[in-house]
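These notes concern the structure reproduced below.
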Amino acid sequence: MDKKTVEQIAHLARLDINEKDIPEYVTNLTNILALVEQMNTVATDSVEPMAHPTDAVQRLREDIVTATNQRERFQAVAPQVEKGLYLVPQVIE
Amino acid sequence: MQWEVVIGLEIHAQLATKSKIFSGSSTAFGAEPNTQANEVDLGLPGVLPVMNKQALNMAIKFGTAINAEIGKRSVFDRKNYFYPDLPKGYQTTQLALPIVGLGSVDIELKDGRTKTIGVTRAHLEEDAGKSLHEDFSGATGIDLNRAGTPLIEIVSEPDMRSTEEAVAYMRKIHSIVTYIGICDGNMQEGSFRCDANVSMRPKGQEEFGTRTELKNINSFRFVERAINVEIERQIDILESGGTVVQETRLYDSNKNETRSMRSKEDAMDYRYFPDPDLLPIVVTDDEIEAIRKTLPELPDAKKVRFMSEYKLNAEDAGNLTASLELANYFETVTKEIDDSKLAANWIMGELTARLNKENLTVKSLPVSASQFAGLLARIKDNTISGKIAKDVFDTMWNEGSEADSIIESKGLKQINDTGALEAMVDKVIADNPNQVEQFKAGKEKLMGFFVGQIMKQTQGKANPGQINQLLKKKLGSS
């Protein structure tokens, strides 16, 4: 874990981090990774991995349209809309 | 050097549910922008996705149709990336534990071979919204109606060794998903689309070459063209001593070229992890078997039945069963006129040509199966010739009327009266002594001239078989 990795992670997560905080992040993340390393040494071959901390199973819903058009409400809080579309800074493919 | 292409396809099929995979918004196509995008689809804070049972059942149905292992415990993961058409910041998909595991489909090739193509997996995921880049200067418009539409991504093994195989595989998957009713298969509307992984290796080499991934392919014609231009591009690079770069390339159908979208260095780090909002999906053997029982006759089985029941060759049977609607249409027509060969020829000839020309599918066909059978019945009983039938078909198509009333009102009945035809033949012989002389001197091509004269007189209504016979008799014996 170094400064570059922290910056990379922050970019991927779109986090605007302060330059002066980076050394502390490096220390903290390094410690967390050390803990993960420690956990990695535990023999877990016989343990089935869980995707979720509870043992519950996903409930399913019937395939029914329940939502109504509330575009006006949603777009009232959007920074910019036009012709029913949400506008964002230009994305170049 | 002889090169061999290695192709794998990732096909995205939109599931034909009424509501979205994790929300109660409608999935209907063509609505006003953002009128079918609720809090969950917009990724507003505090919302909870709830899985659509029908989407799950459809994915399982696909798995049973390709004899795949069904994941009795499958898990949704978050694939993290920032793009405005996915406002949550991640796509909900399945990585390690997909709903459908290893399966396979058979494809038929032009030389008569059958080849088995492995399907690595098929997983459930949500579609993203649509970005509209053209209409706004300096901004992109976002329509999230499509966001959250259920998809299955069907990932093949790298088993295909030619463009023909890739197209045949894509067509077969298209047939299967439409037969079993889990996808409408509409490629114009983006319900069925594919990415292709393409690499080259020297023929005989075991190891795969570096692959590129072609995105944005939304028709059978384009998959063929995109892969072909990519094969040429890679061979050019390799033969001039270069190396292929692993990257994502976009197929541009207007320019018929592929161009780089992003290289491996820019490849996204998706940081997958299990979605904490969604619990594992568990299905039982009983549930899987109950779904398997709902499978209809699948394309391969229908093809075999068409060959034995209607005495069709493999190619005809394959063409007719590629689409369920076409197969049903054929069966209705055949049962009414009791002549499978005539029905097959006309459906694959005139009818399919017209559909292609007008860019329509069987669903929107203006001539019903029983109307079409009515036309073929008049060919069969010699009321009209095949040539006149084409004109009648054209009128049926445009006006929607019955063959019999068109034949009646336009006076198109074939002239089968031997006496009347004989008189015409006599007249044409008497009127054209020069041609008769040349014909007798050996210029047999002139037979067409005589037939043509009579057809001209009768506007094509004379029975061509009878005229030929009469002409031969008269010209040969006199």
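The values are calculated or read from the model by the stated rules, or taken from the named source; none is laboratory data. Given the structure is predicted, the values throughout are model-derived calculations rather than measurements. Neighbour counts run over all protein chains shown; Cβ positions are idealised from the backbone, glycine included. Calculation scope for accessible area: heavy atoms of the full protein, side chains included, ligands and nucleic acids excluded. Shrake-Rupley method; radii C 1.70, N 1.55, O 1.52, S 1.80 Å.
Once you list every other residue whose beta carbon is under 11 Å from the beta carbon of B:Glu257, what net charge do they have if Lys and Arg are +1 and Asp and Glu are -1?
On the way: positive: B:Arg225, B:Arg233, B:Arg249, B:Lys255, B:Arg259; negative: B:Glu230, B:Glu232, B:Asp252.
Charge balance near B:Glu257 sits at +2.
So for the protein assembly as shown, taking the charge dipole from beta-carbon charges (+1 Lys/Arg, -1 Asp/Glu), which of B:Ile107, B:Tyr81, B:Ser401 sits furthest toward the positive end?
B:Ser401
With θ set to phi - 60° and the Karplus curve 6.51 cos²θ - 1.76 cosθ + 1.60, what are the ³J(HN,Hα) couplings of the range B:242-256 in order, to the nearest whole Hz, using x for Gly and Pro?
Each residue of the range B:242-256 in turn: x, 10, 6, 8, 6, 7, 9, 10, 9, 8, 9, 6, 5, 8, 6 Hz.
With unit charges on the beta carbon (Lys/Arg positive, Asp/Glu negative), name the residue among B:Val177, B:Leu95, B:Val362 whose Cα is farthest towards the positive pole of the charge dipole of chain B.
After comparing all options, I get B:Val362.
Between beta-carbons, use under 14 Å as the cut-off and find the net charge around B:Val50, counting Lys and Arg +1, Asp and Glu -1. Display every interim value, and only then the final one.
Working: positive: A:Arg59, A:Arg61, B:Lys20, B:Lys53; negative: A:Glu62, A:Asp63, B:Glu39, B:Asp41, B:Glu126, B:Asp275, B:Asp277.
Within the 14 Å Cβ shell, the charges total -3.
Compute, for B:Lys341, the solvent-accessible surface of its heavy atoms (probe 1.4 Å) with the complete set of protein chains present, and express it in square angstrom to the nearest 10.
Its accessible surface works out to 90 Å², give or take rounding.
Taking a probe of 1.4 Å, how large is the accessible area per residue of the range B:299-410, in Å²?
Working: 5350 Å² over 112 residues.
I get 48 Å² per residue for the range B:299-410.
Beyond 26 Å between alpha-carbons counts as too far, so tell me which of A:Lys83/B:Lys255; B:Lys335/B:Lys387; B:Lys110/B:Lys203 fall in that bin. Please report the intermediate quantities before stating the final value.
Numbers: A:Lys83/B:Lys255 31 Å; B:Lys335/B:Lys387 23 Å; B:Lys110/B:Lys203 22 Å.
Where the Cα-Cα span goes over 26 Å, the pairs concerned are A:Lys83/B:Lys255.
Over the heavy atoms of B:Trp346, what accessible area does a 1.4 Å probe trace out, to the nearest 10 Å²?
30
In what sequence, largest accessible area first, do B:Tyr270, B:Tyr169 appear using a 1.4 Å probe? Mind showing how you got there, number by number?
Numbers: B:Tyr270 55, B:Tyr169 0 Å².
From most exposed to least exposed: B:Tyr270, B:Tyr169.
Let's test this: bin the Cα-Cα distances of chain B at 20 Å from zero up to the farthest pair and state each bin's percent.
19, 42, 26, 11, 2
With labels modelled as points extended 7 Å from the Cα through the Cβ direction, what inter-label distance (nm, one decimal) is found for B:Ala353 paired with B:Ala441?
3.7
Please give every one of the lysines within straight-line cross-link reach of B:Lys427, meaning a C-alpha to C-alpha distance under 21 Å, and leave out same-chain neighbours fewer than 8 residues apart.
In chain and number order, the partners are B:Lys440, B:Lys443, B:Lys445, B:Lys456, B:Lys461, B:Lys472, B:Lys473, B:Lys474.
Can you sort B:Thr418, B:Thr140 by solvent-accessible area, 1.4 Å probe, largest first?
On the way: B:Thr418 70, B:Thr140 0 Å².
Result of the area sort, largest leading: B:Thr418, B:Thr140.
Give me the distance in nm between label points sitting 7 Å out from Cα along the Cα-to-Cβ direction at B:Ser401 and B:Asp381, one decimal.
1.9
Keeping every protein chain in place, order B:Glu4, A:Glu7, B:Glu126, A:Glu62 by accessible area at 1.4 Å, biggest value first, i.e. largest first.
Values: B:Glu4 35, A:Glu7 70, B:Glu126 15, A:Glu62 110 Å².
Largest accessible area first, the residues go A:Glu62, A:Glu7, B:Glu4, B:Glu126.
Report, as an integer, the average count of C-beta atoms from other chains found within 10 Å of each Cβ along B:76-85.
Counting Cβ atoms of other protein chains within 10 Å of each residue's Cβ and averaging gives 2.
Please report, in debye to the nearest 20, how large the charge dipole of the range B:3-291 is about its Cα centre when each Lys and Arg carries +1 at its beta carbon and each Asp and Glu carries -1 there. If you can, show how the numbers build up before the last one.
Values: 32 positive and 45 negative charges, 28 e Å.
That gives a dipole near 140 debye.
Leaving out ligands, DNA and RNA, and with a 1.4 Å probe, what % of the accessible surface on the protein assembly as shown is carbon or sulfur?
Its accessible area is 51 percent carbon and sulfur atoms.
What is the pair-distance distribution P(r) of the range B:316-371, computed from all Cα-Cα distances in 10 Å bins starting at 0, with each bin given as a whole percent?
The distribution over the range B:316-371 is 24, 64, 12, given as percents.
Based on alpha-carbon centroids, what's the gap between the range A:1-60 and the range B:433-470 in Å, whole number please?
After rounding, the separation between the Cα centres reads 89 Å.
Output ³J(HN,Hα) for the range B:277-285: one whole-Hz value per residue in order, computed from phi by the Karplus curve 6.51 cos²θ - 1.76 cosθ + 1.60 with θ = phi - 60°, and x for Gly and Pro.
Karplus-based 3J(HN,Hα) across the range B:277-285 equals 7, 10, 7, x, 8, 10, 10, 9, 4 Hz.
Explain nothing, just the number: dipole magnitude of the range B:253-328 about its Cα centre with +1 on each Lys and Arg Cβ and -1 on each Asp and Glu Cβ, in debye rounded to the nearest 20. Show your work: numbers first, answer last.
On the way: 11 positive and 16 negative charges, 87 e Å.
The dipole magnitude comes to about 420 debye.
Could you compute the net charge surrounding B:Gln438? Neighbours are other residues with a C-beta less than 11 Å from the C-beta of B:Gln438; K and R count +1, D and E count -1.
Every neighbour counted, the sum reads +1.
Using a 1.4 angstrom probe and counting only protein chains, how large is the accessible area of B:Asp417 in Å², to 10?
Counting only protein heavy atoms, B:Asp417 exposes about 90 Å² to solvent.
Counting only helical runs of four or more DSSP H residues, what would the 222 nm mean residue ellipticity of chain B come to if each run contributes -39,500 (n - 2.57) and the total is spread over all its residues? Don't jump to the answer; show the numbers that get you there.
Values: 17 runs with 189 residues, N = 478.
Estimated from H runs of four or more residues: -12000 deg cm²/dmol.
Please name which of B:Tyr310, B:Ala139, B:Ile231 has its Cα lying farthest along the dipole of chain B towards the positive end, using unit charges on Cβ (Lys, Arg +1; Asp, Glu -1) and the Cα centre as origin.
Most positive-ward Cα: B:Tyr310.
Read phi for every residue in the range B:215-231 and hand back ³J(HN,Hα) as whole Hz from Karplus 6.51 cos²θ - 1.76 cosθ + 1.60, θ = phi - 60°, with x for Gly and Pro.
Using θ = phi - 60°, the values come out as 9, 6, 10, 10, 7, 5, 5, 5, 5, 5, 5, 4, 5, 4, 5, 6, 4 Hz.
Let's see if you can work this out: charge +1 on each Lys and Arg Cβ, -1 on each Asp and Glu Cβ, no other charges. What is the dipole magnitude of the range B:299-410 about its Cα centre, in debye to the nearest 20? Please report the intermediate quantities before stating the final value.
Details: 14 positive and 18 negative charges, 53 e Å.
Charge dipole of the range B:299-410: 260 debye, to the nearest 20.
Would you calculate the convex hull of the Cα atoms in chain A and tell me its volume per residue in Å³?
Convex hull volume per residue, Cα atoms: 267 Å³.
What is the distance, in nm, between label points placed 7 Å from the Cα along the Cα-to-Cβ direction at B:Thr418 and at A:Gln38?
If labels sit at B:Thr418 and A:Gln38, their model points lie 10.7 nm apart.
Could you list, bin by bin from short to long, the percent of Cα-Cα pairs of the range B:1-118 in 10 Å steps?
Each 10 Å bin holds this share of Cα pairs: 11, 32, 30, 18, 8, 1.
Which of the GluC sites (Glu not before Pro) found in the range B:249-310 are loop residues per DSSP with 10 or fewer other Cβ atoms within 10 Å of their Cβ?
For GluC sites (Glu not before Pro) across the range B:249-310 that sit outside H, G, I, E and B with at most 10 neighbouring Cβ atoms in 10 Å, the list reads B:Glu265.
Based on the Kirkwood radius over alpha-carbon pairs, what is the Stokes-Einstein translational diffusion coefficient of the range B:299-410 at 37 °C with 0.692 mPa s viscosity, in µm²/s?
Details: Rh = 14.1 Å.
After rounding, the answer is 233 µm²/s.
Assuming R0 = 22 Å, what is the FRET efficiency of B:Val6 and B:Arg262, from their Cβ-Cβ distance, to the nearest 0.05?
Numbers: r = 22 Å, r/R0 = 0.98.
Efficiency, from the Cβ-Cβ distance: 0.55.
With the cut-off at 14 Å, report for the range B:418-475 the share of all Cα pairs above it, as a whole percent.
Working: 786 of 1653 pairs.
Cα-Cα pairs in the range B:418-475 separated by more than 14 Å: 48 percent.
Let me confirm one metric for peptide B:134-141, namely the mean number of other chain beta-carbon atoms within 10 Å of its residues' beta-carbons.
On the way: counts 0, 3, 7, 1, 3, 9, 9, 9.
The per-residue average across the peptide is 5.
How much accessible area is lost when chains A and B come together, counting both sides, with a 1.4 Å probe, in Å² rounded to the nearest 100? Let's see the in-between values first.
Details: alone 9590 and 23670 Å², together 29510 Å².
That pair of chains buries around 3700 Å² in total.
Take the eigenvalues of the Cα gyration tensor for the protein assembly as shown, scale each by 5, and report the square roots as semi-axes in whole Å, largest first. Numbers along the way, then the final one.
On the way: eigenvalues 719, 148, 120 Å².
Working from the Cα gyration tensor, I get semi-axes of 60, 27, 24 Å.
Please report the spacing between the Cα centers of the range B:100-143 and the range B:197-215 in Å, no decimals.
Comparing the Cα centres of the range B:100-143 and the range B:197-215, I get a distance of 20 Å.
Which angle between 0 and 90 degrees, to the nearest 10, do you get for helix B:324-337 versus the longest principal axis of chain B when only C-alpha atoms count?
Once rounded, one gets 30 degrees.
Calculate, for A:Gln80 and A:Asp45, the FRET efficiency according to 1/(1 + (r/R0)^6) with r their C-beta to C-beta distance and R0 45 Å; round to the nearest 0.05.
Numbers: r = 54 Å, r/R0 = 1.20.
After rounding to 0.05, the efficiency reads 0.25.
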